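Peer 1: Can you read through this structure? Questions will come right after.
The values are calculated or read from the model by the stated rules, or taken from the named source; none is laboratory data. Since we're looking at a predicted model, the values are computed, not measured. Backbone-built Cβ (ideal geometry, glycine too); neighbour counts: all protein chains shown.
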Amino acid sequence: MENTDWKRYLFFLTIAFAVFVAYDYFTSSKLAQPQNQTAVVQKQPQSTSTVDVNLYLGSEREKLTPKHFVTVEGKDLTVKIAQEGAKIVSAYDRKFGKQLIESYEKAYNIYPLEILTPSWETTKLINFSRYQCKKENLRVVCRLNKNQISVKKVFTFDQSGYLAKVSIELKGVKDAYLYIGMTPNEEAFYTHIGTIFKFSNGEVLRINTEDLKGATTLHGDIVWSGQEGRYFIKAVKYNTHTAVVFPVSYLQNGETKYVTATAVKIKPSAQVTFLSSPKEYELLKKVDFVEAIDFGILSFLAYPTFLVLYFFHKIFHSWVASIFILTLILKLIFFPLMISSTRSMKKMQELAPKLEELRRKYADDPQRLQQEIVKLYKETGFNPFGGCLPILVQIPIFFALYKVLIVTPDLALEGFLWIPSLAEKDPYFILPILMGLTMIAQSFITPSPNKSQNTVMYIMAAVFTFLFATFPSGLVLYWTLNNIFSILQTWVIYRYLS
């Protein structure tokens, strides 16, 4: 492949990436909600399907605010349980500095682990009557006996506070549903935001908020159910055959926004695992929730890429070190291709004078020119496509790593020098500029006999710098390291192997 061709290929890489992002965007939830806003309640949208339970929003529910609480301090999560209803009204993640109970949940006065029934009076009694609660370390026992209805909830939290085993005993209650919560208030950033289910056959169903026309009942062998954001999740692990998804609207800055809420049907005696946490791999793995990490359409590549990064992170306790080692390993694996590519580029430089002579000779006969060029390639044993192989094999890995970096919450906590978070863009755009400079350095170490082709490379370096300016810093770091290793490999090949 001529220098012109492989530089043109960089342009095609840009287009391919844009197509990938567009496809990933339109096949995932497009709901992106600003954070830290005060929600104003609205009436619940009218149901378009028959359901035997309701959220009872826009009713007297909003007036029945809880006043008595029990606080559980986990290592990472501080949980507040309201004695009125024995429900979780606050879950503050100290590690991430985020409240996992959203403003619109508070505005509607509806909270995770409420018990919903077809009757508002029964629902009101169960969720707004004051329970007798007793706390002992990470265990809270709450009891209610009123009007021939008996409810017992036992919460047993793990050390982190993220996981809770919840035992529920109901008497005098028919058709009970356990309310899980509403959609986390996060920016989607090409990931799914909304309802998620896993079925016993391994299928994972993600429901986009905009696809719901009203309250919808789902039937199937459901293993766990929840509401997911980009980094956080509220979910219940409980085998059930019936779940209900509700679209819920709220006003924000005068604009109507929509989220979803989920409830699952439970038996009078139920043992559930409740999870309100970031999507940290080790934590999700404990309860078989790994599929809640949205690796998207390239999961078959992104998941293994993540596992490699995670393996080295456990050893070095640094995502920067993990990205460095992953890049190095990939460059070593594909070094034989790099040798072939560099030799192909060098051969192209040697053939450049003959090609230029053929272009002058057959300037008026394009068909003959092409035939002569092919003939020259055959005589010299030159493969015009050899130069692009290293780039070709990196494209799917690049996309997979991109997906890993935007869905891994731990990366949001790790910075690099002046960059506060590897999951966010470089606030000063220094790293994208360095990346562009390494691209230019590559063109210097493999100079083209045609000066205009080097100019194309400079333009492409500027284009990539601009394109990568808003990418997660971890991805820009990977591509910069990749360029640096490529420069070193090219020098070694030119110096010792060519």
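Peer 1: Name the residues in the range 112-159 that are in contact (Cβ under 8 Å) with a residue 60 or more places away in the chain, out of contact with any strand residue (DSSP E or B) (no Cβ under 7 Å at 6 or more places or on another chain) and farther than 27 Å from Thr183 by Cβ, would you?
Peer 2: Answer for the range 112-159, where residues must be in contact (Cβ under 8 Å) with a residue 60 or more places away in the chain, out of contact with any strand residue (DSSP E or B) (no Cβ under 7 Å at 6 or more places or on another chain) and farther than 27 Å from Thr183 by Cβ: just Gln159.
Peer 1: I need the full set of residues from the range 251-287 which are under 19 Å from Phe232 (Cβ atoms) and either outside the structural domain of Arg230 (by TED's automatic domain parsing) or among the basic types (Lys, Arg) (or both), in order please.
Peer 2: Lys257, Lys279, Lys285, Lys286 - these are the residues of the range 251-287 that are under 19 Å from Phe232 (Cβ atoms) and either outside the structural domain of Arg230 (by TED's automatic domain parsing) or among the basic types (Lys, Arg) (or both).
Peer 1: Please state which one of Leu401, Leu369 is in contact with a Lys or Arg (Cβ under 8 Å, 6 or more places away or on another chain) and either modelled with pLDDT of 70 or more or among the charged types (D, E, K, R) (or both).
Peer 2: Leu369
Peer 1: For the structure I just gave you, tell me whether Gln148 is surrounded by fewer than 18 Cβ atoms within 10 Å (Cβ to Cβ), at pLDDT 95 or above and more than 24 Å from Thr240 (Cα to Cα).
Peer 2: no
Peer 1: Okay, next question. Within the range 311-328, track down each residue that is buried (at least 17 other Cβ atoms within 10 Å of the Cβ) and out of contact with any strand residue (DSSP E or B) (no Cβ under 7 Å at 6 or more places or on another chain).
Peer 2: Of everything in the range 311-328, those that are buried (at least 17 other Cβ atoms within 10 Å of the Cβ) and out of contact with any strand residue (DSSP E or B) (no Cβ under 7 Å at 6 or more places or on another chain) turn out to be Phe312, His313, Trp319, Ser322, Ile323, Phe324, Ile325, Leu326, Thr327.
Peer 1: Kindly indicate which of Ala86, Ala107 is surrounded by fewer than 24 Cβ atoms within 10 Å (Cβ to Cβ), of a type in the set (Gly, Ala, Ser) and assigned by TED's automatic domain parsing to the domain that holds Val244.
Peer 2: Ala107 is the lone residue from the list that is surrounded by fewer than 24 Cβ atoms within 10 Å (Cβ to Cβ), of a type in the set (Gly, Ala, Ser) and assigned by TED's automatic domain parsing to the domain that holds Val244.
Peer 1: Every residue in the range 273-292 that is touching a Leu at 6+ places or on another chain (Cβ under 7 Å) and either within 27 Å of Leu328 (Cα to Cα) or of a type in the set (Val, Ile, Thr) (or both), please.
Peer 2: Thr273, Val287, Val290
Peer 1: For residues that are under 25 Å from Asp294 (Cβ atoms) and among the aliphatic types (A, V, I, L, M), scanning just the range 406-432, find the one that is modelled with the highest pLDDT.
Peer 2: Ile419
Peer 1: Which residues, counting only those in the range 76-112, are of a type outside the set (Gly, Ala, Ser) and assigned to a loop (DSSP other than H, G, I, E, B)?
Peer 2: Asp76, Gln83, Arg94, Lys95, Phe96, Leu100, Ile101, Glu102, Asn109, Ile110, Tyr111, Pro112, listed by residue number.
Peer 1: Further question on the same structure: Run Ser276 past the list (1) out of contact with any Lys or Arg (no Cβ under 8 Å at 6 or more places or on another chain); (2) of a type in the set (S, T, N, Q); (3) at pLDDT 90 or above and report the number of the one that doesn't hold.
Peer 2: Answer for Ser276: the failing condition is (1).
Peer 1: How about the range 113-174: which strands (runs of 3 or more DSSP E) wholly inside it have at least 3 residues that are of a type in the set (A, V, I, L, M)?
Peer 2: 139-146, 149-157, 163-171
A quick yes/no check of all residues on (1) over 27 Å from Leu205 (Cα atoms); (2) at pLDDT below 90:
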residue	(1), (2)
Glu291	no, no
Ser299	no, yes
Phe316	yes, no
Ala321	yes, no
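Peer 1: Let me ask you something else. If I filter the range 453-498 down to residues being part of a loop (DSSP other than H, G, I, E, B) and of a type outside the set (Gly, Ala, Ser), which single residue comes out as farthest from Lys331 (Cα to Cα)?
Peer 2: So, considering only residues that are part of a loop (DSSP other than H, G, I, E, B) and of a type outside the set (Gly, Ala, Ser), the one farthest from Lys331 (Cα to Cα) is Thr470.
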